[in-house]
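Report on one structure; see the data block that follows.
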Amino acid sequence: MRIFICLLACTFGFTAPKQESFKPFTGKLLANKVRIRAKADLESPIIRQINKNDLVLVIGEESDSYAIEPMNDTKAYVFRSYVLDNVVEANRVNVRLEPHVDAPIIAQLQAGQKISGNVCAMNHKWLEITPPKGTKFYISKEYISNAGGPEYLVN
C-alpha cells in the first residue's frame, strides 16, 4: 500500500507537508511548585519542583508537555562497576536520579562513552556525574510561557 501511495505521489507531483522543526526557547514558569517529571506523563516520577518566574531551557515538545534540559545543579548517578578509567564498559548502563537501584532512570550510557564523575559521598558504589547530553525532563505546557530565545537563559 505504501509503495502504491508513493508511486501516485511521485507520478502526480504530490509532496508531503513539511513538518516545522521545534525552536528551543527560554521558558518562564507561571506558577509555584511546578513539577518536573522524568517522562511526559503524569505517572512519571517527579524529578523536582520549581517556582514561579524560574527559567528553563525548552528544547522540544511531546504531547501536552515541553521537554527541558536538566537544571545546572542536577546530579545523576551511575553504578561504578560499569565504569573503568572514566570509560563506560557496558551497553545500556542506567543513569539514575539518586544513588540506588530503585531511583528513576533518566538516561542510559553506551560502551565506550567517556564520563567524568566523583565517588558519591552517600554511597561509594556509585559515581556522581552531570546528566549526559541528550537527557530531557518534562513540564506541562500550561505552566510555561516563552520568555525569549535560548540565549536569554544564559544571560
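Can you tell me the length gained on complete extension of the stretch Asp41 to Ala103, counting 0.36 nm per residue apart and subtracting the Cα distance?
Values: separation 62, 0.36 × 62 = 22.32 nm, distance 1.74 nm.
Length difference between fully extended and current span is 20.6 nm.
Between Asn94 and Thr74, what length in nm is gained on full extension when 0.36 nm per residue of separation is reduced by their alpha carbon distance?
5.6 nm
Given that just one value was derived from the coordinates, which of (1) 107; (2) 186; (3) 122 is volume of the Cα convex hull per residue in Å³?
(2)
Once you list every other residue whose beta carbon is under 10 Å from the beta carbon of Trp126, what net charge do they have if Lys and Arg are +1 and Asp and Glu are -1?
Net of charged neighbours comes to +1.
What is the local net charge at Asn51, summed over the other residues whose Cβ is closer than 15 Å to its Cβ (Lys, Arg +1; Asp, Glu -1)?
+3
Enter the Cα centre distance for the pair segment 58-76 and segment 87-127, rounded to the nearest angstrom.
Segment 58-76 and segment 87-127 have Cα centres separated by 19 Å.
Would you please state which residues of segment 47-64 a label at Glu151 would reach in this model, taking the label point 7 Å out along Cα→Cβ and a backbone N cut-off of under 20 Å?
Flagged as within label range: 55-60.
How much accessible area per residue does segment 8-150 have, in Å², with a 1.4 Å probe?
Per residue, segment 8-150 has 65 Å² of solvent-accessible surface.
Counting Lys and Arg as +1 and Asp and Glu as -1, each charge on the Cβ, what is the dipole of the chain about the Cα centre in debye, to the nearest 20?
In debye, rounded to 20, the chain gives about 40.
Once the other residues with Cβ under 11 Å from the Cβ of Leu30 are scored (Lys, Arg +1; Asp, Glu -1), what is the net sum? Could the numbers behind the result be given before it?
Numbers: positive: Lys28, Lys52, Lys141; negative: Asp54, Glu142.
That works out to +1.
Can you send over the carbon and sulfur percentage of the accessible area for the chain, probe radius 1.4 Å, protein chains only?
On the way: 5500 of 10780 Å².
Reported share for carbon and sulfur atoms: 51 percent.
The values are calculated or read from the model by the stated rules, or taken from the named source; none is laboratory data. Here the structure is a predicted model, which is why all the values come from computation and not from measurement. Virtual Cβ from ideal backbone geometry, glycine too; neighbours counted across all protein chains shown. For the accessible areas, the whole protein counts, side chains as well, though only heavy atoms, and no ligand, DNA or RNA atoms are used. Shrake-Rupley method; radii C 1.70, N 1.55, O 1.52, S 1.80 Å.
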